[in-house]
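The values are calculated or read from the model by the stated rules, or taken from the named source; none is laboratory data. Since the structure is predicted, the reported quantities are computational estimates derived from the model, not experimental observations. Cβ placement follows ideal geometry from the backbone for every residue including glycine, while neighbour counts extend to all protein chains displayed. Accessible surface is based on the protein model in full, side chains and every heavy atom, while ligands, DNA and RNA are left aside. Shrake-Rupley method; radii C 1.70, N 1.55, O 1.52, S 1.80 Å.
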Amino acid sequence: MKIKVKNLGVLKQAEFTLGNLTIVCGCNNTGKTYATYALFGFLYTWRRMFSIEINDNKIEQLLADGVIHLDIQEYVEKSEQIIAKGCQAYTKELPKIFAAQAERFKETEFQVKLEIEDISLKGRFELRIGSANAELFSITKSEDSRELVVTLLVEKEKVKIPIEILKRTIGDALKEIIFAKLIPRPFIASAERTGAAIFRKELNFARNRLLEEMGQANNNINPMELLFKVYQDYALPIKTNVDFTRELETIFKKSSFIAENHPDILTDFADIIGGEYTVTRNDELYYVPKGKRVKLSMDQSSSAVRSLLDIGFYLRHEAQLGDLLMVDEPELNLHPENQRRVARLFARLVNLGIKVFITTHSDYIVKELNTLIMLNHDKPHLKRIAEEEGYREEELISAEKIKVYIAEEALIKIDGKTKKTKCQTLTPAEIDPELGIEARSFDTTIETMNRIQEAIVWGED
C-alpha cells in the first residue's frame, strides 16, 4: 500500500509505502503525526468511504427471480476507480479526522494505491440478513468461486426490503471480499494514551452524566447532536484511543490469537512492565507488580505502566493476524533497556503476521532494530553473538520487511516538475542488510554531542 499526500499540515508533498514494519522519525513539528493520523483515519473509515454501485436491473432481477449471480471480477476491474473516489471522499473528511478547521485542508490531497494484482478471491463469504421474525436474504460466495450469489429467503410477495438497503448491503459484501485482505485493521496507541489511562473513570463519569442530562433535556435539544459535538473536540485517533481505554472491562473478556497461540509474547511483555494488568469483578482496573501482593490503580502506577496499557490489552485481548498496530512514540516514559525490549517485541509481532507502524524519537529503538537486522544472517559468529546476548531467532528481522522515513526538509520535484524545490516531506532512509538503518535524524545530534564532549576532555592546551 502506497500513500501520497499533498499540503497535509506541514507536509508539502510526501509519499510512503506501508511495510511490515514502518518507522517514521524526525524532529518535532515535521509532519510525523499528520502522516500517522491521516493513515489511521483512512484505514479506520475506508468501508464507509468506498462505494460500489449495484445496478437497479440487478435488484429488479433479484425481486423477480428470487436470486442473482454477480461476477465479482467485474467489480475488481473497477477497483482503481473505487479507490480513487473513496480517497476523494476521505479527503473531504480530514477536518473531522483531525478535529480541525476545514480551511486547513482546503488544498489537501490524500491518495492510496493498492496492489490490485494482489487481490485474491479465494475464501468463503456468507452473510444472512433478517428481521426479528425471519431471515430475509443471504449473500454467499464459495471457496474458489468468482461469483457472488444473492438469494431471497422469503416469498417474493412478502419482501418489504427498501431497495437502497439491498443495494448497500450487496455493495458492502463486495467491498469486504475485494479489499478487506489488502487493507489492514488498524489499532492505534496515540501519544495521549497515558492521560487516557489515568482519567478513564472521569471519562466514563462525564459520559454517563452527559447522557443523563440529555435524557432530561427539553425536546428542542437533539441529544445525539450534542454528544457528537462533545466528541468533535478530539482527533479520531485520540477518540478511538479514549474509547478503547473506557471499554477495557469488556475487552478484558476477549482473547487474542496471541494469547491462544503465543503466550510467551505475553510473558515477554509482562517482563517489560514488571507485572500484569487485571480487571476485577467490580470492573476495576489494576496493575499487579510481579511477586507482590498488591494491586495498584493507574494513578498509583508508574508512567511506563500507563503508557503501555493499551498495547498490553491489545496483545492479550484484541490482536488478529493481518492487523496494523500503530504506536505514536513507543518510547514514551520507558527506560532505554525497555525501549530495546519493545523493539524486539515489535520485530516478533511482524514475524508473526502483525504489521507495525511507529513514529519515534528513540535512537535506542532504531539501534536495537539494527542489531536484529544485522544478526539475521547465517554466519557462525552471528549465531554465537545472538546466543550469548540472549537474542532469539523469532526476534531477528529481515531488512526487506522494514520501511523507514525521515520527516525533514528536502529537495523534491513538485507535481513532476523538472526543477526541485525544498519543502517538508518524508525521505526514505537507506537500510543495509549488513549495517541496518541509516537514521541520520539521530546520528547528527549524537555526533554533535560526542564532538562537544571530546572537545571538553581533550581540548585543553
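Considering every residue within segment 321-328, establish whether at least one is closer than 28 Å to residue 183 by Cα, small (Gly, Ala, Ser) and in a helix (DSSP H, G or I).
No, there is no match, as no residue in segment 321-328 is closer than 28 Å to residue 183 by Cα, small (Gly, Ala, Ser) and in a helix (DSSP H, G or I).
If I ask for residues that are surrounded by 21 or more Cβ atoms within 10 Å (Cβ to Cβ) and more than 20 Å from residue 406 (Cα to Cα), which ones from segment 351-375 would you list?
Listed by number, the residues that qualify are 354, 372.
How about segment 42-77: which of its residues are free of Cβ contacts under 8 Å to residues at least 40 places away in the same chain and outside any helix (DSSP H, G or I)?
55, 77
Which one is modelled with the lowest pLDDT, of the residues in segment 165-212 that are open to solvent by 20 Å² or more (accessible area, probe 1.4 Å) and part of a loop (DSSP other than H, G, I, E, B)?
Restricting to residues being open to solvent by 20 Å² or more (accessible area, probe 1.4 Å) and part of a loop (DSSP other than H, G, I, E, B), the top hit is 199.
For the list (1) crowded, with 17+ Cβ neighbours inside 10 Å; (2) in contact with an Asp or Glu (Cβ under 9 Å, 6 or more places away or on another chain), I need the number of the one condition that residue 295 fails.
Status for residue 295: all satisfied but (1).
Go through 260, 249 for me and flag whichever is charged (D, E, K, R), open to solvent by less than 40 Å² (accessible area, probe 1.4 Å) and either outside any helix (DSSP H, G or I) or over 13 Å from residue 311 (Cα atoms) (or both).
One residue alone meets the criteria, 249.
Can you pull out every residue in segment 114-150 that is hydroxyl-bearing (Ser, Thr, Tyr) and touching a residue at least 12 places away in the same chain (Cβ under 8 Å)?
Of everything in segment 114-150, those that are hydroxyl-bearing (Ser, Thr, Tyr) and touching a residue at least 12 places away in the same chain (Cβ under 8 Å) turn out to be 120, 138, 140, 142, 145.
If you scan segment 385-423, which residues turn out to be open to solvent by 100 Å² or more (accessible area, probe 1.4 Å) and either small (Gly, Ala, Ser) or modelled with pLDDT of 90 or more (or both)?
387, 388, 389, 393, 400
Report whether or not residue 426 is in contact (Cβ under 8 Å) with a residue 60 or more places away in the chain, open to solvent by less than 80 Å² (accessible area, probe 1.4 Å) and within 26 Å of residue 355 (Cβ to Cβ).
It is true that residue 426 is in contact (Cβ under 8 Å) with a residue 60 or more places away in the chain, open to solvent by less than 80 Å² (accessible area, probe 1.4 Å) and within 26 Å of residue 355 (Cβ to Cβ).
Can you find a residue in segment 386-396 that is more than 22 Å from residue 1 (Cα to Cα) and in contact with a Gly (Cβ under 8 Å, 6 or more places away or on another chain)?
no
Looking at segment 60-69, can you tell me whether even one residue there is more than 30 Å from residue 155 (Cβ to Cβ) and either of a type outside the set (D, E, K, R) or at pLDDT below 95 (or both)?
no
Kindly establish whether residue 447 is open to solvent by 60 Å² or more (accessible area, probe 1.4 Å), assigned to a helix (DSSP H, G or I) and modelled with pLDDT under 90.
It is true that residue 447 is open to solvent by 60 Å² or more (accessible area, probe 1.4 Å), assigned to a helix (DSSP H, G or I) and modelled with pLDDT under 90.
How many residues does segment 100-151 hold that are in a strand (DSSP E or B), within 29 Å of the chain's Cα centre (by Cα), surrounded by fewer than 16 Cβ atoms within 10 Å (Cβ to Cβ) and not basic (Lys, Arg)?
3
Of all residues in segment 263-289, which are over 18 Å from residue 319 (Cβ atoms) and in a strand (DSSP E or B)?
Matches in segment 263-289: 275, 278, 285, 286, 287, 288, 289.
List the number of the failed condition for residue 67; all other conditions in (1) open to solvent by 20 Å² or more (accessible area, probe 1.4 Å); (2) under 30 Å from residue 445 (Cβ atoms); (3) touching a Ser or Thr at 6+ places or on another chain (Cβ under 9 Å) hold.
Among (1) open to solvent by 20 Å² or more (accessible area, probe 1.4 Å); (2) under 30 Å from residue 445 (Cβ atoms); (3) touching a Ser or Thr at 6+ places or on another chain (Cβ under 9 Å), residue 67 violates only (2).
Which one is nearest to residue 254 (Cα to Cα), of the residues in segment 300-327 that are open to solvent by 10 Å² or more (accessible area, probe 1.4 Å) and not small (Gly, Ala, Ser)?
Among residues in segment 300-327 that are open to solvent by 10 Å² or more (accessible area, probe 1.4 Å) and not small (Gly, Ala, Ser), the one nearest to residue 254 (Cα to Cα) is 317.
Within segment 303-355, count every residue that is basic (Lys, Arg) and touching a strand residue (DSSP E or B) at 6+ places or on another chain (Cβ under 9 Å).
3
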